[in-house]
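K.L.:
Below is the structure I would like to discuss, written out as structure tokens.
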RNA sequence: GGGGGCAUAGCUCAGUUGGUUAGAGCGUUUGCUUGACAUGCAAAAGGUCGCAGAUUCGAGUUCUGCUGUUCCCACCA
């Protein structure tokens with residue numbers, strides 16, 4: 001083995017081997033319990049970012065853990081066609097070649113899109129492999145694969161026939177840049193500084209004017225009424241009269257409607273049903289005409305007269321000027337308000353009336369809410385359930401049609417002759433009503449998230465009754481970011497319940513955003529994104545994986561930092577070198593099962609620590625507390641195993657006693673092997689590479705059983721006793737440092753104790769680790785002679801002759817400060833034990849422990865006092 | 001307007017049924033080439049756990065209010 005950890009030597013090789021040996025393949029096995037995870041399919045538009053790296057690492061860790069525990073673990077990978085995002089990119093790409101969608105046509109465009117898909121989805125797969133993802137690549141699914149299309153059509157067909165999908169003219173969010181409708185979830189709001197334009201609308205045949213205030217004057221052409229509050233005494237009498245729409249000079253009615261807020265602005269609202277969701281509702285209530293005045297590209301239409309064809313903002317400017325000239329403009333006041341933007345291209349969206357397809361959410365939402373309420377699905381951490389309820393309870397119908405070409409085309413055909421509308425699972429070539437072949441399919445495609453919503457079952461063969469679907473569905477855990485609760489998680493839940501009659505997954509494990517070192521969101525515009533591939537190249541995949549999990553709490557945002565990855569790389573190096581040491585010492589030795597080894601106190605101690613680690617890691621993993629699990633492993637491996645145990649066995653390894661050497665090596669191998677198995681789900685590469693070099697192992701670690709807690713090996717009392725030995729070592733080291741004594745200088749140890757035999761049996765360890773030359777058991781302090789430093793420990797009192805290094809004043813001060821500490825502890829324990837409430841109400845075990853502690857401290861205090869007297 | 005998160009060592013963060021003297025990494029100080037590792041070892045300094053109450057024998061942990069900060073949702077034309 002090389003002297004330092006060098007992941008480049010083995011990561012790619014191991015991954016190839018795992019793959020070639022079919023280690024990731026999940027085949028139905030009725031003797032095993034299934035464990036299923038569906039990978040949130042990355043978009044084919046981009047490359048892997050840190051968010052993906054965290055998401056995939058968490059999934060891989062959970063899946064590898066379960067696989068080792070004996071589950072039939074399926075992790076199914078995929079990629080998403082990302083309808084709008086991809087289409088935007090392809091349009092950009094074509095623009096460079098001087099081409100437009102219209103120029104290449106639908107077929108030409110789709111050809112380009114598929115080429116894009118072929119080029120990019122492969123890249124993402126390569127990147128996922130670099131991370132070590134143990135997914136079943138034979139099942140790699142693309143959201144526009146044949147099987148997904150089949151599922152999409154089935155679901156659409158069923159919902160259509162249940163009247164849960166309908167087509168209608170409603171207010172939707174329109175992106176004038178992407179030229180498509182968007183769902184509510186696809187609009188992002190940001191506060192912008194705009195203006196409030198106050199405009200006079202004169203009452204017909206009168207000098208009286210109503211003053212309306214608007215932030216979007218250009219929509220005025222679509223005004224079909226002016227509303228006042230029916231309770232508003234100022235305007236009540238005008239209800240039913242007409243006002244003249246300026247510029248257009250058209251009379252429109254004054255209506256009374258509660259929508260007009262008496263307190264806000266002038267209390268008069270212009271009503272533009274075609275361009276505002278609230279106005280649309282008012283329009284419905286008062287039977288107002290809906291007049292659209294804007295084109296799909298954000299320019300004004302013919303109804304705006306001279307503004308026809310002008311951009312919406314240009315029109316705004318010119319119109320305001322005209323109003324000013326006409327004397328209708330009363331005032332302009334600055335006004336900050338929230339403006340909606342397209343989540344893909346950032347353009348300001350226009351609320352526009354448009355004929356679109358919708359999913360009726362009433363009826364779908366309730367069961368989806370109940371599934372979480374009834375704990376059929378558990379959110380981790382729980383708090384995200386609130387976000388989910390809140391959204392689900394207020395959800396509006398889902399606009400699913402997009403005026404795009406890249407995506408699942410809506411499976412509805414229209415007959416040009418008889419006007420029939422035909423929804424079908426299969427392509428239709430003739431009208432079933434009139435037989436006409438003059439029919440055409442709906443031009444629009446479906447929202448990307450419509451197919452994503454079916455992901456947990458479309459990937460397993462739905463709508464067919466496949467064996468996989470029966471075995472692997474419902475899936476077990478969905479791992480994803482909290483930012484797509486609405487887009488995806490919620491929609492998978494109601495879709496699973498509606499179409500499969502079962503929840504799509506039992507747990508949802510949320511993670512937060514990976515931010516940059518300063519806590520900012522990683523983004524292209526800031527240029528602060530860190531490429532996981534570069535990090536892997538520099539530090540190795542295991543280092544990155546560990547750094548993304550260690551000490552991270554579920555659902556919390558984290559900061560990426562090079563220094564953290566570096567410290568994790570150091571941990572890998574530590575594991576590497578400790579293993580190298582163990583393997584080196586195995587040469588020519590008999591490595592026996594630990595059950596055949598006569599265990600020494602230190603052995604029992606490390607085995608006890610190992611068992612505790614196994615127990616705690618398993619508990620943490622089962623609760624998805626991956627950050628905690630990593631911390632436990634880190635501490636066990638580094639502090640317990642490397643810093644203490646390896647140092648403890650060195651004297652044995654260098655002794656001439658063959659049996660002792662064999663025993664030491666056997667325990668080393670046993671502990672290391674188990675530790676590697678514990679660590680494997682998180683850091684698969686380095687653990688497997690080492691595992692293959694261990695004696696008595698064969699094949700890969702990834703198919704071995706995950707360690708099980710064994711109560712017989714817990715050795716609680718032995719472990720506690722051994723801590724006493726460690727206390728002696730720590731005390732000597734501290735004294736040396738304090739007195740500026742070189743660590744290499746050997747000292748003698750005088751000990752007053754009732755544990756002579758136990759200390760003697762660990763003498764070698766103490767001498768080696770403390771840097772001592774001998775241990776002498778004495779009965780009183782005097783025997784230790786003058787110039788000693790005293791350490792009062794639980795296992796006994798330690799006297800260390802330090803010769804001229806001893807400064808009596810300092811020693812006195814040191815003992816006094818120790819006395820203070822012990823006295824404080826006595827006061828604390830005493831206080832507790834004198835509290836009748838504590839005695840009567842606290843668990844007995846706790847009271848006893850406290851009492852034992854008190855006794856221990858009292859004893860220590862007496863010893864310290866005695867020592868102070870002699871000084 | 002509604003709902004969350006966060007506030008713990010100089011910095012970044014853990015701390016999940018309330019119970020040892022509140023932890024880690026990085027940084028800082030001191031000393032070490034101790035035959036796996038200087039990507040290392042040892043020792044140490046550093047915290048009234050945002051503030052004020054409440055519940056409890058016992059609160060970093062539960063509840064209420066407040067302050068600061070941040071995110072999400074809704075949205076007034």
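K.L.:
Among A:626, A:610, which is the only one that is under 23 Å from residue A:692 (Cα atoms), touching a residue at least 12 places away in the same chain (Cβ under 8 Å) and buried (at least 21 other Cβ atoms within 10 Å of the Cβ)? Walk me through it before giving the result.
P.N.:
Numbers: A:626 fails: under 23 Å from residue A:692 (Cα atoms).
Of the residues listed, the single one that is under 23 Å from residue A:692 (Cα atoms), touching a residue at least 12 places away in the same chain (Cβ under 8 Å) and buried (at least 21 other Cβ atoms within 10 Å of the Cβ) is A:610.
K.L.:
Just checking, does the range A:525-534 include any residue being crowded, with 21+ Cβ neighbours inside 10 Å, in contact with a strand residue (DSSP E or B) (Cβ under 8 Å, 6 or more places away or on another chain) and in contact (Cβ under 8 Å) with a residue 12 or more places away in the chain? Let's see the steps before the verdict.
P.N.:
Here is the first cut: in the range A:525-534, the residues crowded, with 21+ Cβ neighbours inside 10 Å are A:532.
Adding the requirement that they be in contact with a strand residue (DSSP E or B) (Cβ under 8 Å, 6 or more places away or on another chain) leaves none.
Scanning the range A:525-534, I find no residue that is crowded, with 21+ Cβ neighbours inside 10 Å, in contact with a strand residue (DSSP E or B) (Cβ under 8 Å, 6 or more places away or on another chain) and in contact (Cβ under 8 Å) with a residue 12 or more places away in the chain, so the answer is no.
K.L.:
Also, I was wondering about something else. Tell me whether the range A:844-855 contains one or more residues that are part of a helix (DSSP H, G or I), farther than 30 Å from residue A:742 by Cβ and either more than 49 Å from the chain's Cα centre (by Cα) or in contact (Cβ under 8 Å) with a residue 24 or more places away in the chain (or both).
P.N.:
Initially, the range A:844-855 is screened for residues part of a helix (DSSP H, G or I), giving A:844-855.
From what's left, farther than 30 Å from residue A:742 by Cβ: A:844-855.
If we keep only those that are either more than 49 Å from the chain's Cα centre (by Cα) or in contact (Cβ under 8 Å) with a residue 24 or more places away in the chain (or both) too, we end up with A:853-854.
Within the range A:844-855, one or more residues are part of a helix (DSSP H, G or I), farther than 30 Å from residue A:742 by Cβ and either more than 49 Å from the chain's Cα centre (by Cα) or in contact (Cβ under 8 Å) with a residue 24 or more places away in the chain (or both).
K.L.:
Test residue A:868 against the criterion of being away from RNA strand B (no atom under 15 Å from the Cβ), part of a helix (DSSP H, G or I), surrounded by 14 or more Cβ atoms within 10 Å (Cβ to Cβ) and without any contact (Cβ under 8 Å) to a residue 60 or more places away in the chain, and give yes or no. Even if it seems obvious, please write down each step before you answer.
P.N.:
Working: away from RNA strand B (no atom under 15 Å from the Cβ): yes; part of a helix (DSSP H, G or I): yes; surrounded by 14 or more Cβ atoms within 10 Å (Cβ to Cβ): yes; without any contact (Cβ under 8 Å) to a residue 60 or more places away in the chain: yes.
For residue A:868, the condition - away from RNA strand B (no atom under 15 Å from the Cβ), part of a helix (DSSP H, G or I), surrounded by 14 or more Cβ atoms within 10 Å (Cβ to Cβ) and without any contact (Cβ under 8 Å) to a residue 60 or more places away in the chain - is met.
K.L.:
Also, I was wondering about something else. Out of the residues in the range A:825-838 that are assigned to a helix (DSSP H, G or I) and within 8 Å of RNA strand B (Cβ to nearest atom), state the one that is nearest to residue A:792 (Cα to Cα). Steps first, please.
P.N.:
To start, the set of residues in the range A:825-838 that are assigned to a helix (DSSP H, G or I) comprises A:825-833, A:836-838.
So of that shortlist, the ones also within 8 Å of RNA strand B (Cβ to nearest atom) come out as A:825, A:828-829, A:832, A:836-838.
Details: A:825: 15, A:828: 19, A:829: 19, A:832: 24, A:836: 31, A:837: 32, A:838: 29 Å.
If we take residues in the range A:825-838 being assigned to a helix (DSSP H, G or I) and within 8 Å of RNA strand B (Cβ to nearest atom), then A:825 is nearest to residue A:792 (Cα to Cα).
K.L.:
Follow-up. Select, from A:393, A:350, the only residue that is touching a residue at least 12 places away in the same chain (Cβ under 8 Å), more than 25 Å from the chain's Cα centre (by Cα) and within 14 Å of RNA strand B (Cβ to nearest atom). Explain how you work it out, then say what you get.
P.N.:
Numbers: A:393 fails: more than 25 Å from the chain's Cα centre (by Cα).
Of the residues listed, the single one that is touching a residue at least 12 places away in the same chain (Cβ under 8 Å), more than 25 Å from the chain's Cα centre (by Cα) and within 14 Å of RNA strand B (Cβ to nearest atom) is A:350.
K.L.:
All but one of (1) within 7 Å of RNA strand B (Cβ to nearest atom); (2) in contact with a strand residue (DSSP E or B) (Cβ under 6 Å, 6 or more places away or on another chain); (3) at pLDDT below 95; (4) on the phi < 0 side of the Ramachandran plot hold for residue A:270; which doesn't?
P.N.:
Unmet for residue A:270, out of (1) within 7 Å of RNA strand B (Cβ to nearest atom); (2) in contact with a strand residue (DSSP E or B) (Cβ under 6 Å, 6 or more places away or on another chain); (3) at pLDDT below 95; (4) on the phi < 0 side of the Ramachandran plot: (3).
K.L.:
While we're here: Within the range A:342-366, count every residue that is out of contact with any helix residue (DSSP H, G or I) (no Cβ under 8 Å at 6 or more places or on another chain) and either closer than 14 Å to residue A:297 by Cβ or not in a loop (DSSP other than H, G, I, E, B) (or both).
P.N.:
Here the count works out to 10.
K.L.:
Continuing with this model, one more query. Just one of A:546, A:571, A:581, A:624 is outside any helix (DSSP H, G or I) and either closer than 30 Å to residue A:648 by Cβ or within 14 Å of RNA strand B (Cβ to nearest atom) (or both); which is it? It would help to see each step written out before you state the result.
P.N.:
Details: A:546 fails: outside any helix (DSSP H, G or I); A:571 fails: outside any helix (DSSP H, G or I); A:581 fails: outside any helix (DSSP H, G or I).
After applying the criteria, what remains is A:624.
K.L.:
Might you let me know whether the range A:697-716 holds any residue that is over 38 Å from the mean Cα position of the chain (by Cα) and modelled with pLDDT under 95?
P.N.:
Residues of the range A:697-716 that are over 38 Å from the mean Cα position of the chain (by Cα), as a first pass: none.
No - not one qualifying residue is present in the range A:697-716.
K.L.:
Separate question: Is there a residue being at pLDDT below 95, more than 19 Å from residue A:85 (Cβ to Cβ) and surrounded by fewer than 16 Cβ atoms within 10 Å (Cβ to Cβ) anywhere in the range A:141-149? Talk me through it step by step, then tell me what you get.
P.N.:
We begin by selecting, within the range A:141-149, every residue at pLDDT below 95; these are none.
Taking every residue of the range A:141-149 in turn, none turns out to be at pLDDT below 95, more than 19 Å from residue A:85 (Cβ to Cβ) and surrounded by fewer than 16 Cβ atoms within 10 Å (Cβ to Cβ).
K.L.:
Looking at residue A:611 and the list (1) in contact with a helix residue (DSSP H, G or I) (Cβ under 8 Å, 6 or more places away or on another chain); (2) under 20 Å from residue A:707 (Cα atoms); (3) within 14 Å of RNA strand B (Cβ to nearest atom); (4) assigned to a helix (DSSP H, G or I), which single condition is not satisfied?
P.N.:
Answer for residue A:611: the failing condition is (3).
K.L.:
Hey, among the residues in the range A:313-340 that are buried (at least 19 other Cβ atoms within 10 Å of the Cβ) and within 14 Å of RNA strand B (Cβ to nearest atom), which one's nearest to residue A:298 (Cα to Cα)?
P.N.:
Once the filter is applied, the top-ranked residue is A:316.
K.L.:
Check A:79, A:45, A:36, A:4 and return the single one that is modelled with pLDDT under 95 and more than 16 Å from RNA strand B (Cβ to nearest atom). Spell out the reasoning first.
P.N.:
Details: A:79 fails: modelled with pLDDT under 95; A:36 fails: modelled with pLDDT under 95; A:4 fails: more than 16 Å from RNA strand B (Cβ to nearest atom).
Of the residues listed, the single one that is modelled with pLDDT under 95 and more than 16 Å from RNA strand B (Cβ to nearest atom) is A:45.
K.L.:
Is the range A:499-510 home to any residue that is buried (at least 19 other Cβ atoms within 10 Å of the Cβ), in contact with a helix residue (DSSP H, G or I) (Cβ under 9 Å, 6 or more places away or on another chain) and closer than 25 Å to residue A:643 by Cβ?
P.N.:
Among the residues of the range A:499-510, not one is buried (at least 19 other Cβ atoms within 10 Å of the Cβ), in contact with a helix residue (DSSP H, G or I) (Cβ under 9 Å, 6 or more places away or on another chain) and closer than 25 Å to residue A:643 by Cβ, which makes the answer no.
K.L.:
Scan (1) touching a residue at least 12 places away in the same chain (Cβ under 8 Å); (2) within 13 Å of RNA strand B (Cβ to nearest atom); (3) farther than 25 Å from residue A:743 by Cα; (4) in contact with a helix residue (DSSP H, G or I) (Cβ under 8 Å, 6 or more places away or on another chain) for the single condition residue A:792 breaks and write down its number.
P.N.:
Here residue A:792 clears every test but (3).
K.L.:
Name the residue, out of A:281, A:263, A:188, A:218, that is within 12 Å of RNA strand B (Cβ to nearest atom) and part of a strand (DSSP E or B). Give the steps one after another, and end with the answer.
P.N.:
Numbers: A:281 fails: part of a strand (DSSP E or B); A:263 fails: part of a strand (DSSP E or B); A:218 fails: part of a strand (DSSP E or B).
Exactly one of A:281, A:263, A:188, A:218 is within 12 Å of RNA strand B (Cβ to nearest atom) and part of a strand (DSSP E or B), namely A:188.
K.L.:
May I pose another question? Quick one: residue A:553 ticks every box in (1) assigned to a loop (DSSP other than H, G, I, E, B); (2) within 14 Å of RNA strand B (Cβ to nearest atom); (3) surrounded by 18 or more Cβ atoms within 10 Å (Cβ to Cβ) bar one, so which box is it?
P.N.:
With (1) assigned to a loop (DSSP other than H, G, I, E, B); (2) within 14 Å of RNA strand B (Cβ to nearest atom); (3) surrounded by 18 or more Cβ atoms within 10 Å (Cβ to Cβ) applied to residue A:553, the lone miss is (3).
K.L.:
Which number in (1) in contact with a helix residue (DSSP H, G or I) (Cβ under 8 Å, 6 or more places away or on another chain); (2) buried (at least 16 other Cβ atoms within 10 Å of the Cβ) marks the one condition that residue A:397 misses?
P.N.:
So the condition that residue A:397 fails would be (1).
K.L.:
Looking at A:469, A:446 in this structure, which one is in contact (Cβ under 8 Å) with a residue 12 or more places away in the chain and under 17 Å from residue A:80 (Cβ atoms)? Don't jump to the end; show me each part of the working.
P.N.:
Working: A:469 fails: under 17 Å from residue A:80 (Cβ atoms).
The unique qualifying residue is A:446.
K.L.:
Please go through the range A:735-748 and give me each residue that is touching a residue at least 12 places away in the same chain (Cβ under 8 Å), within 16 Å of RNA strand B (Cβ to nearest atom) and either touching a strand residue (DSSP E or B) at 6+ places or on another chain (Cβ under 6 Å) or assigned to a loop (DSSP other than H, G, I, E, B) (or both), ordered by number.
P.N.:
A:735, A:739, A:740, A:741, A:743, A:744, A:745, A:746, A:747
K.L.:
Going through A:419, A:435, A:363 one at a time, which residue ends up being more than 17 Å from residue A:485 (Cβ to Cβ), surrounded by fewer than 16 Cβ atoms within 10 Å (Cβ to Cβ), out of contact with any strand residue (DSSP E or B) (no Cβ under 8 Å at 6 or more places or on another chain) and touching a residue at least 60 places away in the same chain (Cβ under 8 Å)? Don't jump to the end; show me each part of the working.
P.N.:
On the way: A:419 fails: touching a residue at least 60 places away in the same chain (Cβ under 8 Å); A:435 fails: touching a residue at least 60 places away in the same chain (Cβ under 8 Å).
A:363 is the lone residue from the list that is more than 17 Å from residue A:485 (Cβ to Cβ), surrounded by fewer than 16 Cβ atoms within 10 Å (Cβ to Cβ), out of contact with any strand residue (DSSP E or B) (no Cβ under 8 Å at 6 or more places or on another chain) and touching a residue at least 60 places away in the same chain (Cβ under 8 Å).
K.L.:
For the range A:16-33, name all the residues that are touching a helix residue (DSSP H, G or I) at 6+ places or on another chain (Cβ under 7 Å) and either surrounded by 21 or more Cβ atoms within 10 Å (Cβ to Cβ) or in a loop (DSSP other than H, G, I, E, B) (or both).
P.N.:
Result: A:23, A:24, A:25, A:28.
K.L.:
Still on this structure, I have one more. Can you name every residue in the range A:473-497 that is away from RNA strand B (no atom under 16 Å from the Cβ) and crowded, with 19+ Cβ neighbours inside 10 Å?
P.N.:
Step one: list which residues in the range A:473-497 are away from RNA strand B (no atom under 16 Å from the Cβ), which gives A:473-476, A:478, A:492-497.
Across the range A:473-497, the qualifying residues are A:473, A:475, A:476, A:478, A:492, A:493, A:494, A:495, A:496, A:497.
K.L.:
Looking at the range A:750-773 only, could you name the residues that are away from RNA strand B (no atom under 16 Å from the Cβ), under 55 Å from the mean Cα position of the chain (by Cα) and over 17 Å from residue A:647 (Cβ atoms)?
P.N.:
A:751, A:753, A:754, A:755, A:756, A:757, A:758, A:759, A:760, A:761
The values are calculated or read from the model by the stated rules, or taken from the named source; none is laboratory data. What you see is a predicted model, and the numbers here were worked out from it, not measured in a lab. Virtual Cβ from ideal backbone geometry, glycine too; neighbours counted across all protein chains shown.
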